[in-house]
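Taking it in order: structure first as structure tokens, then the write-up.
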Amino acid sequence: MLTATLEGIPLTNALLLCAGIFAVTFFVAAIGSTGGVQLAPVTFTLPAPLAIPMHAWITGWAAVFRGWTLRMAIDWPYLAWFEPLSVAASTAAIFITERLPLAWFELIIGGWILGSTVMGFVARRPSVVGGMTHPALLGPTTGFLSVFVGATGPLVFALLANRYDRKEEVQATHAACMTLQHLSKIVLFGIAGSAIFAYQLLMAATIAAAFAGTRLGSRVLLRMDEKLYRRLLAVVMLAVGAFIVVRAWLALRGG
């Protein structure tokens, strides 16, 4: 078994990847975004050129499954603004070859996640947070940044949590917003020459793992008390925001 492979990837790596996907997608569906933790099993088990495209593939399909399960709670008018602007910004960003000072972006995003989460406790839908949730602003901003950094999912989560009163609306609309944002990048990575489509069996296995984790996590979400969900989401967002800020700060100091 140690020498077996799946399309050139060691079978143990593929199994570890699927186990990690199951765990992370369960957590995201039940509570909230993890701040790029999904990248950990991907980068640990796959060659570097496959990591970012595979992460987009996994996250996109997990969002599809989450959104479909909660489709009755999606804010469709919001989505109609968010998605086309987000995809347009991702398309522009994917062909930018010069690396931007990404740590600064992550530092700002992490700080905003912390700030918006704290303000959610102090005042219901504070005006500054409410303005930042407008899809004409949030869509293109996160679409552009998602190509370069992995922290945009938590940012959208933190902001939408202050926009909607029901956990199902938060989760469903976030899932719908993230679906095309991530899956559109797969097409763009293919145009740019990524080799991800040579690993079709592995891609199918990751979809199965994401489906199982999302399905179970969504069941937990639907049975969870609203107040408990809000407390858990706040704890997760504070932890994710702090993690992103520390990671960015360390990157800037090391650079």
State, to one decimal in nm, how far the label point of F197 lies from the label point of L222, with both points 7 Å from Cα in the Cβ direction.
-> 3.5
Between A92 and A51, what is the FRET efficiency for a Förster distance of 30 Å, r being their Cβ-Cβ separation, to the nearest 0.05?
-> 0.85
Just subtract the alpha-carbon distance of F44 and V235 from 0.36 nm times their residue separation and send over the number in nm, one decimal.
-> 66.1 nm
How much length is gained on full extension from A208 to R71, taking 0.36 nm per residue of separation minus their Cα-Cα distance?
-> 47.3 nm
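Readers should treat all values here as calculations from the given coordinates under stated rules, not as data from a laboratory. In this text, all values refer to a predicted model and were calculated from it rather than measured experimentally. Cβ: placed from backbone, ideal geometry, glycine included. Neighbour counts: every protein chain shown.
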